[in-house]
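This report refers to the structure that appears directly beneath it.
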Amino acid sequence: MTLFETSGVEKSFGGLRALDGVDVSIDEGELVGLIGPNGAGKTTYFNCVTGLLEPDGGTIRFDGEDVTDKPSAELARAGMVRTFQLSRTLKSMTVRENVQIAAMDHPGESAIHAFRQTDALYENEERITERAEDLLDRFGLGHLKDTTAGTISGGDRRILEICRGLMLDPKLFLLDEPFAGVNEATVEEISKYIKDLNDEGMTFVIIEHGLRELVQLVDRLIVLHEGAVLADGDPRDVVSDEEVINVYMGNAMDLDEGDEGAESAESEA
Ligand SMILES: Nc1ncnc2c1ncn2[C@@H]1O[C@H](COP(=O)(O)OP(=O)(O)O)[C@@H](O)[C@H]1O
Ligand SMILES: [Mg+2]
């Protein structure tokens, strides 16, 4: 069953055509990578489909409904949840508080309101705390729950971002560069968490600018280039596609970029 579908999604910034008609269809349960060199339009695509930017044209369907003009809060409530390329962690709060407030400060805020109305506030807060702690334990951050988020490693911060998104019970989880600035061991750890969640039925679209991290992880790769889909299919076919190789030739770094200094190279908003 098709869970998510866009057709002809367009977005320009002044004279720059960032998205030039993006056609993508994702089935329930898929684990899909969305790759493309820097500036290809990947983040803009996520912004358009999650209601943070208004597309200039095209349609977006999610879970059987046309959601083209829906605000992000409504989309999150319906189960379309995302993480951001630049970490949104609140550095002065603890790891656990960061996960707890994700249930409240996220566009999906109203998802929590639904049970806030039926439960006593105290009990509700307890449930949020419990859920946050369960997620942190499951994803290896339990021992850091009372640590100030600003002091944890870049890799742990990426996992924290994922836990924050999971508070909203995604049906479709859109991850924007979950491996950015993460060392090799943590890439493997995060990949395993994603794989486990996918095995449990969660659908993923994962953005990366490089090819390397995703080939092993995903079932399908979509390549975005200059705002349109250049290739879409089995990861091994896609990475050996001549057009795809040509696009990445101008970005040789993306193909064989090493991990040295990755943690310190992480950019932070
Ligand atoms: N808010 C914006 N205003 C103007 N130009 C933008 C804005 N956001 C993105 N762009 C431009 O759109 C193009 C696609 O950007 P982006 O979607 O961030 O690419 P990617 O995530 O694939 O690296 C780039 O040329 C970028 O400079
Ligand atoms: Mg981006």
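Here are the numbers for this structure:
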item: Distance (nanometres) between label positions extended 7 Å along Cα→Cβ at ASP234 and SER153; result: 3.6 nm
item: Hull shadow area, averaged, the range 161-201 [alpha-carbon convex hull, nm²]; result: 2.9 nm²
item: Over 26 Å (Cα to Cα) - which of LYS42/LYS70; LYS11/LYS195; LYS91/LYS171; LYS11/LYS70; LYS70/LYS195; LYS42/LYS171 fall in this group; result: LYS11/LYS195; LYS91/LYS171; LYS70/LYS195
item: Reduced Cα scattering model of the chain, Debye log10 I(q)/I(0), q = 0.07, 0.09, 0.15 Å⁻¹; result: -0.24, -0.40, -1.15
item: In nm, spacing of pseudo-spin labels at ILE101 and MET249 (7 Å Cα→C-beta vector); result: 4.9 nm
item: Rounded FRET efficiency, nearest 0.05, which uses the C-beta distance separating HIS143 from ASP23 and R0 of 35 Å; result: 0.20
item: Antiparallel DSSP beta bridges within the chain, as percent of all bridges there, nearest 5; result: 55 percent
item: Dipole magnitude (debye, nearest 20) for the chain, charges at Cβ of Lys, Arg, Asp, Glu; result: 680 debye
item: Highest to lowest packing among 93-100, 47-54, 184-191, scored as the average C-beta count within 10 Å; result: 93-100, 47-54, 184-191
item: Rough spin-label spacing in nm, given labels placed 7 Å along Cα→Cβ, for GLU125 and GLU65; result: 3.1 nm
item: Potential lengthening between GLU242 and ASP199 on full extension [0.36 nm per residue; Cα-Cα distance subtracted]; result: 12.3 nm
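Readers should treat all values here as calculations from the given coordinates under stated rules, not as data from a laboratory. Model, not experiment: these values are computed from the prediction. Cβ coordinates were reconstructed from backbone atoms using ideal geometry, including for glycine residues, and neighbour counts include every protein chain displayed.
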